[in-house]
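Structure first, then comments.
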Amino acid sequence: MGRYDELADSTFEGGFPTEQTAQALRDELVFQRAVQSYLWSLPAINIWAMKEGSERQFGAGYNVLPIWQDRIDAKTLVTTPNFDVVYAMGYLDLDEYGPLVVEAPPGVQGMFDDFWQRPIVGPTIDGHTWKGDVGLAGPDAGAGGTYVLLPPGYDGPEPQDGFVYRSRTNNVFLFWRSFFADPNDLTAAVDRIEATVIYPLGAKGDARPMQFPHASGVEVDMLFPRDGAYFDMLDRFIQAEAVDPQDLDLRGFLHTFGIEKGLEFDPTPSDRELLDKAARTAFKMSKVTVTNLLQLEPGGTYYPGQPWVNTFAGENTEFQSSGTFTNLEQRTSFFTAAYSDSPGMVVNIVDKGAKYPATMKDGDGDWLDGGKSYSLRLPPELPAALFWSVAIYDSVTASGVDNGQRFPSINTMDKPTPNSDGSHDIYFGPDKPPAADDTNWLRTVPGKGYFVILRLYGPGKTFFDQTWKPGDLQPIA
């Protein structure tokens, strides 16, 4: 406790701090507020980093919608992507372009999040208020529909057509997922997304033509910084975004070390060094929320005695299921390792939405090691009405493990070899274990830790009542 003793016992003379004490405590204040600002702003900077990385590679504009036409792979650095659907991700600036209309195509499962990654509030229909969800889980129920996105403080005429969603931020994240049955033919899934049309409200005839850059196999870094560059990115976000009155106290934390809307962020060399240390510390703290703290939260694990964690315990997209506080451990652990949420992702509805049990440990309670081999038993009759998949992710960046295989995942459509009773054994290791074949083995990388996500799309009743549950990763001698 030496460092904390020094702070608590800082010298005051005559009731006033010495010059040395004032400097030390001022630096400590900057450090602490920077650390907390990093953790607080993770949802925003996670998605802002995605926007900057995408626009740097593919271009910017409401009409630019990159598609991972051959599925996303480990060359795209982004937190916990799903390798087993066709992705499209766009970034819509309502400050630059004003209200935007999105004609969502039939058959997608999508969402609109603001840039704090909160599902945008939409219309109330038959007593149900829609939030974020579009497509299969949204008000159009997969038939396709017209959505109108309004910016913060919009006071213009009320749109008469379409589902109206009101954003609390200038920027909106558009996220489509398109499913496929045959991994060797993704044409229909891509065509579905390419039917998207986006244009300014009331100006469809003058809209820019849609662009759908192909992103599969392109090396693009969409990860948020883990060092002092984080605060430069945070400043860019603050300058670009609307001020939400609910954020004023936390924006005061940013003011302490020089980030304020409308002012230049220009820290001294000593403060920049301090901020770099704060960012590196905060990033590691964010990882500790995943590895050590999440499972201590109510519902933080799925099964007693097993290490499968549940980030969305409480089924609340803003991590406020307690009704009295925001669960910052859940919030931080999610946004340091993932992006995007909507009610369709978190609610417990049989055969609807998705569930994402994840584990960083084997059945003995040890961290997963890329130099060792493991097996995972998935019992028969997996409760996934749409499909299931198993994927591996880098323990530091949470992006896909670049393991030399086409995708660091195995899914239903790959038709992995089952056991005679209908169960599946999935194998992990740097070399193919003797019992594995090419359909059920994920290569790992020696010296690199990783974690596993089991995705269940359309989770069934046996998942919720826990009459079906996965095994643990068992070390193979």
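Given a Förster radius of 60 Å and the C-beta distance between GLN474 and ALA203 as r, what FRET efficiency does 1/(1 + (r/R0)^6) yield to the nearest 0.05?
About 0.55, to the nearest 0.05.
Could you pull out every residue, at least 5 positions away or on a different chain, whose amide H is within less than 5 Å of the one on GLY138? Hs are placed 1.01 Å off N in the peptide plane, and Pro or chain starts have none.
Result for GLY138 returns nothing.
Between (1) 229; (2) 182; (3) 171, which matches volume of the Cα convex hull per residue in Å³ calculated for the structure shown?
The listed entry that was calculated here is (3).
Mind giving me the FRET efficiency for THR281 and ASP364? R0 is 35 Å, r the Cβ-Cβ distance, nearest 0.05 is fine.
My answer for the efficiency is 0.70.
At a probe radius of 1.4 Å, what is the per-residue accessible area of TYR302, in Å² to the nearest 10?
Number for this one is 40 Å².
With a 1.4 Å probe and all protein chains left in place, how much accessible area per residue does the chain have, in Å²?
43 Å²
Leaving out same-chain residues fewer than 8 places away, which lysines sit with a Cα under 20 Å from that of LYS131?
Of all the lysines, those that pass the test against LYS131 - Cα under 20 Å, at least 8 places apart if same chain - are LYS352, LYS355.
Considering amide H positions built from the backbone, and no H for Pro or chain starts, which residues 5 or more places from LEU201, or on another chain, come under 5 Å of its amide H?
Result for LEU201 returns LEU100, VAL101.
Show me, for the range 91-107, the HN-Hα J-couplings you get by feeding each phi into the Karplus relation (A = 6.51, B = -1.76, C = 1.60, θ = phi - 60°), rounded to Hz, glycine and proline as x.
Running phi through 6.51 cos²θ - 1.76 cosθ + 1.60 with θ = phi - 60° gives 10, 10, 9, 6, 6, 6, 10, x, x, 10, 10, 10, 8, 7, x, x, x Hz.
Working only with C-alpha atoms, what are the Rg and Dmax values of the range 226-294, expressed in angstrom?
Considering the range 226-294 through its Cα atoms, Rg and Dmax are 13.4, 39 Å.
Of TRP48, TRP130, which has the most accessible area and how do the rest follow, probe 1.4 Å?
TRP130, TRP48
For the chain, with all protein chains present and a 1.4 Å probe, just round the carbon and sulfur fraction of the accessible area to a whole percent.
Here it works out to 51 percent.
For the range 139-208, what D do you get in µm² per second when you plug the Kirkwood radius from alpha-carbon pairs into Stokes-Einstein at 10 °C and 1.306 mPa s?
D = 109 µm²/s.
If each residue of separation counts as 0.36 nm, what is the full-extension length gain between ARG56 and PHE16 once their alpha-carbon separation is subtracted?
Stretched out fully, the ARG56 to PHE16 stretch lengthens by 9.3 nm.
Round to the nearest 0.05 the FRET efficiency obtained for ASP27 and GLU96 when R0 = 45 Å and r is the Cβ-Cβ distance.
0.70
When only DSSP loop residues count, what trypsin sites (Lys or Arg not before Pro) in the range 358-467 have their Cβ near at most 16 other Cβ atoms within 10 Å?
Filter output for the range 358-467: ARG406.
With labels modelled as points extended 7 Å from the Cα through the Cβ direction, what inter-label distance (nm, one decimal) is found for ASN184 paired with GLU264?
About 6.1 nm, to one decimal.
What are the extents of the Cα atoms of the range 308-388 along their three principal axes, listed from largest to smallest and rounded to whole Å?
42, 29, 20
The values are calculated or read from the model by the stated rules, or taken from the named source; none is laboratory data. What you see is a predicted model; the values in this text were computed from it and never measured. As a convention, Cβ positions derive from the backbone with ideal geometry for all residues, glycine included, and neighbour counts pool all protein chains shown. Accessible surface is based on the protein model in full, side chains and every heavy atom, while ligands, DNA and RNA are left aside. Shrake-Rupley method; radii C 1.70, N 1.55, O 1.52, S 1.80 Å.
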